[in-house]
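Beneath this line is the structure, given in structure tokens, with notes to follow.
Just so it is clear, none of the values below were taken in a lab; they were calculated from the coordinates. This is a predicted model, so every value here is computed, not measured. Here the Cβ is made from the backbone with ideal geometry for all residues, glycine too, and neighbour counts use every protein chain on show.
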Amino acid sequence: MSGWLSTPKNAGCDINWVENLSAALSKKHWDPNLHSIVSKLSTGTRLSVDDGVRLFTHPNLHEVGQLANMVKYARFGSNVFFNSNVHINQTNVCVLACKFCAFRRSKKQADAYELSIDSYLEEMEKYARLVDEVHSVGGLHPDWDVEYYENLISSAKQKHPDIAIKALTAVEIKHLAQQSNIDYTETLSRLKNAGLDSLPGGGAEILNDDIRQIICNGKESSDEYLEIHRQAHSLGIPSNCTMLFGTIESIHDRVIHMDKLRQLADEYGLFQCFVPYPFLPDSTRLPEAQLATSNEVLRTIAVSRLMLDSIPHIKAYRMNIGDEIAELALNYGADDIDGTVRQESIMHLAGADSSLNYDIYQMAKLVKDAGFIPIKRNTTYTKFTTVTVEPPKRPRRLNVIA
Ligand code: SF4
């Protein structure tokens, strides 16, 4: 294995990517309907919201995917990044009841759980030698405040100083601030001082308050989601951002969502990764959801890559879309795939059946089979290690019928 370092701003990206892209785009013939978009991409000009809608409705999905793939290739070549992480969901007890959520429980339900700090540390201990990141999100517990999480995070850091802690979505930050009667900045800076390394992007859903009122009434507003991430970035805490699609939103809503995120990314450059994932219908309470086909998942990933010029990484979230579509997504503009994961509840309770508990070689094989170079990254995309995959001992032999 060999490694290299990058800065948080470059995040492993070739700094000459616009020049690389311009050269690559000029070698192909594009549908006339895409000419103005291709010409903007060639000069590093930001695509407009109308361009985004056009990409969503362009009849040739493969051509949109090719464009996205060229942007991905110009930035990162054949590299595809993954992390070695474990998901620990600290509690499913939640004071809210978002319509799409299959995970939350009220405190009185028989299968409600809350990990004590000791139980959380025991969970971490099981995977400590295997991972370099713990990803923790959970319900809005009615009794836990910022002090509780300061103790949890500092205890975890004390025991496992080399494991990065990526924890607490924007709505959890809002809840902790309310519980402790302090503002977002104080909440975030106390958690940072306790050892929080970065924020996950969960909870963005669709940044349109009319839709949020229907699908996740009571959750943070669009502006609050953006403000909490803005405050985190201003304190030097990097974060990811997400989009839940296939509920009741329109294509225009998806593109506006992307536009809001890229504008915030312009301010501090600390959105590391965008994670688009479709609504999973099982066991949840949103019968009016439109759902998303596999083609639509690929197209949404491709359009994200083309629209989000100020967010370096686009993730194929295999926990949600499964390994097969995630591999395909790597050819539609995604450069990052999450992750070894080890254990996960939120997506699996909603119907996901993706494999858990991969090691780094299984992840590397997944990436290599899709045609790319597997690169293990750290949480903040500043340390990279190329992972070599051994050739199979018994190569597959497929008979050809003449
Ligand atoms: S999505 Fe989060 S905030 Fe909403 S009900 Fe589920 S756990 Fe609670």
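Potential lengthening of the chain between VAL49 and GLU227 amounts to 61.9 nm, from the contour at 0.36 nm per residue minus the alpha-carbon distance. Rounded to whole numbers, the Karplus 3J(HN,Hα) couplings from phi for the range 305-320 are 4, 7, 7, 8, 5, 9, 10, x, 10, 10, 9, 8, 8, 5, 4, 9 Hz, using 6.51 cos²θ - 1.76 cosθ + 1.60 with θ = phi - 60°, and x at Gly and Pro.
Each residue of the range 216-222 is assigned a 3J(HN,Hα), and the resulting list reads 8, 4, x, 6, 4, 6, 4 Hz, derived from the Karplus form 6.51 cos²θ - 1.76 cosθ + 1.60 (θ = phi - 60°), x at Gly and Pro.
In the chain, the longest principal axis of the Cα atoms and the axis of helix 61-76 are about 70 degrees apart.
Would you mind checking the tilt of helix 117-127 against the longest principal axis of the Cα atoms of the chain, expressed as 0 to 90 degrees and rounded to 10? Orientation of helix 117-127: about 30 degrees from the principal axis. 3J(HN,Hα) along the range 206-215, derived from phi through the Karplus expression 6.51 cos²θ - 1.76 cosθ + 1.60 where θ = phi - 60°, amounts to 10, 7, 8, 5, 5, 5, 4, 4, 7, 8 Hz, with x in place of Gly and Pro. Overall, the chain carries a charge dipole of about 1200 debye about its Cα centre when +1 sits on the Cβ of Lys and Arg and -1 on the Cβ of Asp and Glu, all other atoms neutral.
Computed about the Cα centre, the dipole magnitude for the range 345-398 is approximately 300 debye when only Lys and Arg (+1) and Asp and Glu (-1) carry charge, each at its Cβ. For ARG105, nonlocal amide neighbours, meaning residues 5 or more places apart or on other chains whose placed amide H falls under 5 Å from its own, are VAL93, CYS94. Residues of the range 318-345 with an amide N closer than 13 Å to a point placed 7 Å from the Cα of TYR113 along the Cα-to-Cβ direction: 343-345. Isolated cysteines of the chain, defined as having no other cysteine beta carbon under 4.7 Å away, are CYS13, CYS94, CYS241, CYS273. Based on the reciprocal of the average 1/r between different C-alpha atoms, the Kirkwood radius for the range 87-355 equals 18.7 Å. The residue among GLN213, SER294, ILE165 whose Cα reaches farthest toward the positive pole of the charge dipole of the chain, with charges on the beta-carbon of Lys, Arg, Asp and Glu, is SER294.
In the chain, taking the dipole from charged Cβ atoms about the Cα centre, the farthest positive-side position among TYR148, SER136, CYS273 is held by CYS273. Here the label points at LYS40 and ASN295, each 7 Å from Cα along the C-beta direction, are separated by 2.4 nm in the simple model.
Quick one: of LYS126/LYS315; LYS159/LYS383; LYS166/LYS192; LYS107/LYS157; LYS260/LYS383; LYS126/LYS376, which pairs are farther than 18 Å apart, Cα to Cα? Among LYS126/LYS315; LYS159/LYS383; LYS166/LYS192; LYS107/LYS157; LYS260/LYS383; LYS126/LYS376, the Cα-Cα distance tops 18 Å for LYS126/LYS315; LYS159/LYS383; LYS107/LYS157; LYS260/LYS383; LYS126/LYS376. Its DSSP H runs of at least 4 residues, each contributing -39,500 (n - 2.57), put the calculated 222 nm mean residue ellipticity of the chain at -12500 deg cm²/dmol, to the nearest 500.
Roughly what % of DSSP beta bridges within the chain run antiparallel, to the nearest 5? Antiparallel bridges: around 20 percent, rounded to the nearest 5.
The orientation-averaged shadow of the Cα convex hull for the range 2-76, equal to a quarter of the hull surface, comes to 6.1 nm².
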